[in-house]
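Working notes for the structure below.
The values are calculated or read from the model by the stated rules, or taken from the named source; none is laboratory data. Quick caveat: nothing in here was measured; it's all calculated off a predicted structure. Cβ placement follows ideal geometry from the backbone for every residue including glycine, while neighbour counts extend to all protein chains displayed.
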């Protein structure tokens, strides 16, 4: 298939350029805000609390995502070009770093509101995949994080990926970590669940889906494969999520 070579700049007015990647974050927060308001009354939240949580979460995602990308994937480059940390439109956001940032933000929010930690994480977890969906679409528009060479009918030649057709792994992630995981979590929360169970299902689901897609993504060039000609940094970082998610689900079912 032909890659739809989309201009990464969505709107340009004089010297001001608005990139699609940045708009995807805006779409994410608007979607989560809308869904959060819908869920608020059912879980005893006020609109103000939902909006405050989104602010804390947004800060955690951006700061943790950029720092995580630098620490896990591009440390030497950021040390040489520290201002690149602020170039959000260029991508370079680590999900695992963003998750750590959000978990820290949840702790601050819990202290401010007196809510339980899992009460917060269980409330927001079903909405996170929507943000992941938009983020992966942003990666696709940027033509980054493409997959391994392939001869499947939907393989694409990416502008920065050489002449070989490749798996559009960004779309795989948008479908699995975004749409499918959202459906699973949304259906799972139709019934009351033990504290931490929804968070556990999110961690388990994301970790498994990300690990599967890693078989189709090109490994990070600075690391390659760590073992067995298939183990990647993404899979290593997802393993603790899988284990913790499985534990939280087991703990919830044991009660």
Looking only at region 162-181, and only at residues there that are more than 20 Å from residue 20 (Cα to Cα) and either assigned to a loop (DSSP other than H, G, I, E, B) or in contact with a strand residue (DSSP E or B) (Cβ under 7 Å, 6 or more places away or on another chain) (or both), the one that is modelled with the lowest pLDDT:
162
Identify the single condition in (1) closer than 26 Å to residue 179 by Cβ; (2) without any contact (Cβ under 8 Å) to a residue 40 or more places away in the chain that residue 227 does not satisfy, given that it satisfies every other one.
(1)
Of all residues in region 178-203, which are in contact with a helix residue (DSSP H, G or I) (Cβ under 8 Å, 6 or more places away or on another chain), surrounded by fewer than 20 Cβ atoms within 10 Å (Cβ to Cβ) and either free of Cβ contacts under 8 Å to residues at least 60 places away in the same chain or over 18 Å from residue 241 (Cα atoms) (or both)?
179, 180, 184, 186, 188, 189, 193, 194
Please find, among 34, 43, 3, the residue that is in contact with a strand residue (DSSP E or B) (Cβ under 8 Å, 6 or more places away or on another chain) and at pLDDT 85 or above.
3
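Conditions (1) in contact (Cβ under 8 Å) with a residue 60 or more places away in the chain; (2) buried (at least 22 other Cβ atoms within 10 Å of the Cβ), marked per residue:
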site	(1), (2)
128	yes, yes
131	yes, yes
143	yes, no
149	no, no
152	no, no
161	no, no
164	no, no
167	no, no
211	no, no
